[in-house]
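Asker: Take this structure first; my questions come after.
The values are calculated or read from the model by the stated rules, or taken from the named source; none is laboratory data. What you are looking at is a predicted structure, and each value in this text was computed from that prediction instead of being measured. Cβ sites come from the backbone with ideal geometry, for glycine too, and all protein chains shown count toward neighbours. For the accessible areas, the whole protein counts, side chains as well, though only heavy atoms, and no ligand, DNA or RNA atoms are used. Shrake-Rupley method; radii C 1.70, N 1.55, O 1.52, S 1.80 Å.
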Amino acid sequence: MAEHSVKQTRKGRSALLRAGQSVVIIGLGAFAVFIFAVIIFADAKHFEARLKFEQFKYAWFGDWVTDEKLRPAPEIEQLADALAHAEDISFFQKVKWNDSGLVIITGTSFATAHDVVDGKIQRQWCYVNYGTGTVTRRIDLANKNSVATPVYADLTSIPQSEITALGVTRDALGAAAFSHCRFGKVEIGAKKQEQ
């Protein structure tokens, strides 16, 4: 009976040691994570830490969420200061469409330089140019005001001769408007703005 009692005591001590070791290991791991977080957040600027957090969230869970409280990059702030009195500022993004060399252009307009920094888009439009030399023709594909849904052009009103000159079909041009017009996305400096 004494042997049985000694074996149970040893088993109890062994289980207690294993539980204690587990608690110590978990505690050390939590402490290491805490120290790592303190170093990262103490060393980084607030908006950079928030940006890293957003990138981490995107990497693991998808669906990038923009936060208007993220401080813009310094060069963007300098742009706003330099253009403090400018109005109706426009940016253009060109996307090559097909092997024929056609380029779909999306224009984005901001009312002021501060709207550029804040990402407040006034309006956007999308078009394709065709022609050679000094004379070109513009075909509007779509328009978008502020945060409204884009309105795509009725391509049936465009003469067949112009469609033929582009070297594409109406359906292909309409599909290109949906896939290549860059509404709601503007790359300015290091900050990507979406609406």
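Asker: Using a 1.4 Å probe, how large is the accessible area of Arg137, given in Å² and rounded to the nearest 10?
Answerer: Probe radius 1.4 Å; accessible area of Arg137 about 100 Å².
Asker: While we're looking at this one, here's another question. Going from most exposed to least, what order do Asp115, Asp99, Asp81 have by accessible area with a 1.4 Å probe?
Answerer: Reading off the accessible areas and sorting them downward yields Asp99, Asp81, Asp115.
Asker: Here's a follow-up. When the solvent-accessible surface of protein heavy atoms is calculated with a 1.4 angstrom probe, in what order do Lys144, Lys96, Lys120 fall, highest first? The partial results should precede the final answer.
Answerer: Numbers: Lys144 15, Lys96 135, Lys120 110 Å².
So the residues, ranked largest to smallest area, are Lys96, Lys120, Lys144.
Asker: Ala86's amide H: which non-local residues (gap 5+, or another chain) put their own amide H closer than 5 Å, with H modeled 1.01 Å from N in plane and none for Pro or chain starts?
Answerer: Ala113
Asker: Rounded to the nearest whole Å², what accessible area per residue is found for the stretch 119-191 with the 1.4 Å probe? List each step's numbers first, then the result.
Answerer: Numbers: 4150 Å² over 73 residues.
Counting only protein heavy atoms, the per-residue value for the stretch 119-191 is 57 Å².
Asker: Still on this model: Hey, rough spin-label estimate for Val151 and Glu87, points 7 angstrom out along Cα→Cβ, what's it come to in nanometres?
Answerer: 2.4 nm
Asker: Let's see if you can work this out: charge +1 on each Lys and Arg Cβ, -1 on each Asp and Glu Cβ, no other charges. What is the dipole magnitude of the stretch 137-183 about its Cα centre, in debye to the nearest 20?
Answerer: Taking the Cα centre of the stretch 137-183 as origin, the dipole is about 160 debye.
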